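> Next up is a structure, given as structure tokens.
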Amino acid sequence: MIKIKPRWIAIFIIFLGVYNIIFARISILPFRFIFGIFTKAIVAFTGFSSLLVGFLLTIVGYGLYLEYKLFFRLSFLLLLISATINFFQENIPGALISTFLLAALYIERCAFSRSLPFKFNAKYLVSFWIILFVLVYGTIGSLHFGIEYNPPIKSGIQALYYTIITVTTVGYGDYIPVTDSARLFAISLIIVGVGSFISAIAIIFQPLMKKLEERAIKGL
């Protein structure tokens, strides 16, 4: 395999992110007539996912350009997701490029060894990242599929509200998906969000609750 310099890999990943964003907005997919094996709902759902993953790749690619180890791990995961999503979109160039960059990134993995220029507790950073990702994913997705709900989700506040009541398992039932693509999104939000969101909040607030409990015991 042709070796690519680490920073060029980062640049190509940023371009892949832009490509995913652009492709996600194209209504007629160029390879649909070759395969045509996936339902319209799956293609619509993966189109939204491609938009979100593309946006994340453009951000993570910059950290990868600076050769930070943390961003290498995030890029590796996002490239794997990108390859899968592009396959379901029947976007063969996108799937091949994602796979090629995934292999190139793995080969040059030793080049990404820098630590972040500040100290942090990894579990808190990951927890904040999970919470932010779930809220962004749910809000943008709810707006994207908003007209496919009854009643329609039309504003950012409604989308954020739907995301929070879904991932916290409150589920008032006031917004109901009425199409397959909206149902697929709701399923993905439940799978991605419920366990990870609640666990992340618990990790962040556990030390605070422990201190309050210790103070309460001392007060007795």
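> Restricting attention to the stretch 55-85, report how many residues are in contact with a Gly (Cβ under 9 Å, 6 or more places away or on another chain) and farther than 20 Å from residue 126 by Cα.
So the count comes out to 3.
> Here's a follow-up. Hand me the list of helices (runs of 4 or more DSSP H) wholly inside the stretch 82-181 holding 1 or more residues that are farther than 26 Å from residue 206 by Cβ, outside the structural domain of residue 59 (by TED's automatic domain parsing) and within 20 Å of the chain's Cα centre (by Cα).
It comes to 122-144, 156-167.
> Could you please find all residues in the stretch 63-81 being in a helix (DSSP H, G or I) and either under 18 Å from residue 23 (Cβ atoms) or of a type in the set (A, V, I, L, M) (or both)?
Correct list: 64, 70, 74, 77, 78, 79, 80, 81.
> How about the stretch 131-165: which of its residues are farther than 15 Å from residue 176 by Cα, among the β-branched types (Val, Ile, Thr) and without any contact (Cβ under 8 Å) to a residue 12 or more places away in the chain?
Across the stretch 131-165, the qualifying residue is only 157.
> Moving to a separate point now. May I ask you to list pairs of residues, at least six apart or on different chains, whose Cβ atoms are under 8 Å apart, with the first in the stretch 175-193 being loosely packed, with under 15 Cβ neighbours inside 10 Å and the second being among the charged types (D, E, K, R) and modelled with pLDDT of 90 or more?
Between residues of the stretch 175-193 that are loosely packed, with under 15 Cβ neighbours inside 10 Å and residues that are among the charged types (D, E, K, R) and modelled with pLDDT of 90 or more, the close pairs are 178/148.
The values are calculated or read from the model by the stated rules, or taken from the named source; none is laboratory data. Just so it is clear, the model here is predicted, and its values are computed rather than measured. Please note: Cβ atoms are built from the backbone with ideal geometry, for glycine as well, and neighbour counts cover all protein chains shown.
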